[in-house]
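Take a look at the structure set out below.
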Amino acid sequence: MIGQALCPFRRLALAGALSAAAACNVTSDGSTGDPPSEPDADVLGTGARVSEVVGPATWFDENKMGTAGCSAPLDRQVRLTGQIIVAVDRFDETNDGAVGNIYVQDVTDPADGAVPYSGLTVFSPSFTPPDLRVFEGDVVDTFGNLIEFLGPNSDGFGGCRTLPEIGGAMSLRFDAAPATPATIVTAGADSARWDPVKGYPNARQWIGMLVRFEGVTIASDGAGDGKGRYTAAIDVGGGISGDDVVKISNELFDLEGEGPALTQGAQFAAVTGVLTYFYGFKIAPRSAADFE
């Protein structure tokens, strides 16, 4: 039910939360009220899922340098229900107010594995009620404009690459345990294990999702850009352009100051984070605990 306020249970396991949510009826100001006359049959709501409105970039064209002639979809209004928040950007790495993005993905059964195209970036959302504060693990609904963003200037990202994102009003459905990261790169010696994130068409399907890479080796020393951004390239083998090499980034926490040393050759059993895109793919850990 869009607009449902906080239920009186906190951080339950997802299966239990789904069951409890069906019986939890509250008013928009958080107080107990009369139950709805026609409650949703599905506790995740009757709106669309992200995976139903975001899909492969059929407009991708590696030969196009700018945005002219790109056939990316026009902005469209969507009503999404039943997405879990996997990260809230509260770290201002550039010291210019670059915070506030929320990363969500469809609520799914972890036993079913990763569901492609089920993640989304929510930018500059408003909230219902206005004083709502959201956290990782909250299951939310969002009503707004779905955008396939071609880039911040006339040249765009190139190749008609886009970033799927939504701006609009967000409301709380219920809260549950934090999402389980999807392991999309498994450990091993074969570089083909990196195929799920090699190149835009492959990596796009995981944008906005909480993912986990096993067997990570740092390809080059971590470096800043002089504006506060800090990244370190991952050794994913050959076969792709430098722009398509996935990097570890400090978008969600002070990676350079509080994270492990990201020097060439450093190895990790696994790295977890949100897969983001902006002139290249990055995995953004949320804290030092996302490194194994």
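Here are some notes:
- Shape call, the range 36-106: gyration tensor on alpha carbons, a/c limit 1.5: oblate
- Couplings for the range 123-131, taken from phi via the Karplus curve 6.51 cos²θ - 1.76 cosθ + 1.60 with θ = phi - 60°, read 10, 6, x, 9, 10, 10, x, x, 8 Hz in order; Gly and Pro are left as x.
- Taking the fewest neighbouring Cβ atoms within 10 Å as the starting point, the ordered list for Lys198, Lys64 is Lys64, Lys198.
- Where [x] 60; [y] 24; [z] 40 are the candidate values, the label of the one calculated here for percent of Cα pairs over 33 Å apart is [y].
- Here Thr263 and Thr180 are evaluated by their C-beta separation; at R0 = 25 Å the FRET efficiency comes out at 0.25.
- Restriction of the trypsin sites (Lys or Arg not before Pro) in the range 120-185 to DSSP coil positions whose beta-carbon has at most 11 other beta-carbons within 10 angstrom yields Arg133.
- A simple spin-label model places the labels of Asp190 and Asp75 4.5 nm from each other, with each point 7 Å out along Cα-to-Cβ.
- Residue-wise HN-Hα coupling along the range 277-292, computed from phi with Karplus coefficients 6.51, -1.76, 1.60 (Hz; x: Gly, Pro): 9, 6, 6, x, 8, 9, 9, 10, x, 9, 6, 4, 5, 7, 9, 10
- Over every Cα atom in the range 182-290, the radius of gyration and the widest Cα-Cα span, Dmax, amount to 12.5, 36 Å.
- For the range 182-290, share of DSSP beta bridges that run antiparallel, in % to the nearest 5: 75 percent
- The Cα center of the range 193-237 and the Cα center of the range 84-123 differ in position by 16 Å.
- Within the shell of other residues whose beta carbon sits under 13 angstrom from the beta carbon of Leu150, the net charge comes to -3, with Lys and Arg scored +1 and Asp and Glu -1.
- Cα gyration tensor shape of the range 148-206, rounded if a/c is under 1.5, else prolate or oblate by comparing a/b with b/c: oblate
- Packing here is the average count of other Cβ atoms within 10 Å per residue, and on that basis the peptides 95-105, 245-255, highest first, run 245-255, 95-105.
- Applying 0.36 nm per residue to the separation of Asp109 and Ser126 and subtracting their alpha-carbon distance, the gain on full extension is 3.3 nm.
- Extension gain, Ala48 back to Ala289 (0.36 nm per residue minus Cα-Cα distance, nm): 83.5 nm
- Cβ-based charge dipole, the range 146-292, positive-most Cα from Thr217, Cys160, Ala261: Cys160
- Couplings 3J(HN,Hα) of the range 257-271, computed from phi: x, 10, x, x, 5, 9, 10, 3, x, 4, 10, 9, 4, 6, 10 Hz, in residue order, whole Hz [Karplus 6.51 cos²θ - 1.76 cosθ + 1.60, θ = phi - 60°; x for Gly and Pro].
Read the figures in this text as sums done on the coordinates, not as results from a lab. Quick caveat, the model's predicted, so the values are computed rather than measured. Note that each Cβ is placed from the backbone with ideal geometry, even for glycine, and that neighbours are counted across all protein chains shown.
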